[in-house]
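**Student:** Structure provided below as structure tokens; questions to follow.
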Amino acid sequence: MIDVEVLTPEGEVFEGEARQVSTRTEVGEIGVLANHAPLLAALRPTELRLKISDSETKRYAQAHGWLQIFGNRARLLVEEALAPEDLDAGALKEQLADAERRLSESGEDSAEFARARKDRERAEAFLAIATG
């Protein structure tokens, strides 16, 4: 088992033990088991899965953030971590359309473009979780 802590700016979302943590970093999918090598990785929006036991898996819509693994402890510091049932597909479609509009109106080297791209990535991932 590995100790897991999922934190957002609003507070703690999960703290406890898990058999496996599955998420997505900037370079791809990762599965973390007990005794994993130390790691610091940037996270991309995805479905975060915490396998608690053979019969229980906690799922969250995870936004951008960071994953730190050290000393048999996984700490995820993310902008958001929402239960799939708390997602609103209609609102996410509107957010995706807004991000696409802002992308088309911004210069590629601008901060507005970077923010819109990040917002689009989040909306796409969360929408896939909400409708999947």
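**Student:** Per residue, how large is the accessible surface of the chain? Use a 1.4 angstrom probe and give square angstrom.
**Tutor:** That works out to 56 Å² for each residue.
**Student:** For the Cα atoms of the chain, what angle does the longest principal axis make with the long axis of helix 111-131, in degrees from 0 to 90, nearest 10?
**Tutor:** 60
**Student:** Where does the Debye-calculated log10 I(q)/I(0) of region 6-46 sit at q = 0.33, 0.35 Å⁻¹, using only Cα point scatterers of equal weight, no solvent?
**Tutor:** -1.19, -1.17
**Student:** Rounded to the nearest 0.05, what FRET efficiency do residue 111 and residue 19 give with R0 = 41 Å and r taken as the Cβ-Cβ distance? Could you check?
**Tutor:** My answer for the efficiency is 0.50.
**Student:** Less than 10 Å Cβ to Cβ from residue 48, Lys/Arg counted +1 and Asp/Glu -1: what total charge do the surrounding residues give?
**Tutor:** Net of charged neighbours comes to +3.
**Student:** Please work out the ratio of the alpha-carbon Rg of region 38-97 to 2.2 N^0.38 Å and round it to two decimals.
**Tutor:** Ratio of Cα Rg to 2.2 N^0.38 Å: 1.30.
**Student:** How would region 53-132 be classified by its alpha-carbon gyration tensor: rounded, prolate or oblate, with rounded meaning a/c under 1.5 and the a/b versus b/c comparison settling the rest?
**Tutor:** oblate
**Student:** If you average the sequence gap of Cα pairs under 8 Å that are 6 or more apart and divide by the length of the chain, what percent do you get for the contact order?
**Tutor:** 22
**Student:** On to the next question. Can you give me the relative contact order of region 1-58 as a percent, contacts being Cα pairs under 8 Å and 6 or more apart?
**Tutor:** After rounding, I find 30 percent.
**Student:** For region 13-72 and region 85-114, write down the distance between their C-alpha centroids in whole Å.
**Tutor:** Their Cα centres are 26 Å away from one another.
**Student:** Still on this structure: If each of residue 104 and residue 88 carries a label point 7 Å out from its Cα toward its Cβ, how far apart are those two points in nm?
**Tutor:** 2.4
**Student:** Carbon and sulfur: what percent of the chain's accessible surface (1.4 Å probe)?
**Tutor:** 47
**Student:** For region 1-109, how big is the tail of P(r) above 18 Å, as a whole percent of Cα pairs?
**Tutor:** More than 18 Å apart: 53 percent of the Cα pairs in region 1-109.
**Student:** Further question: Starting from 0.36 nm per residue, how many nanometres of slack lie between residue 118 and residue 39 once their C-alpha separation is accounted for?
**Tutor:** Here the segment from residue 118 to residue 39 would lengthen by 26.1 nm.
**Student:** When the helices in the chain are scored as -39500 (n - 2.57) per DSSP H run of 4 or longer and the sum is shared across all residues, what 222 nm value do you end up with, to the nearest 500 deg cm²/dmol?
**Tutor:** Mean residue ellipticity, 222 nm, calculated: -10000 deg cm²/dmol.
The values are calculated or read from the model by the stated rules, or taken from the named source; none is laboratory data. The structure presented is a predicted model; accordingly, all values stated were derived computationally and were not measured. Virtual Cβ from ideal backbone geometry, glycine too; neighbours counted across all protein chains shown. Heavy atoms of the whole protein, side chains included, go into the accessibility calculation; ligands, DNA and RNA do not. Shrake-Rupley method; radii C 1.70, N 1.55, O 1.52, S 1.80 Å.
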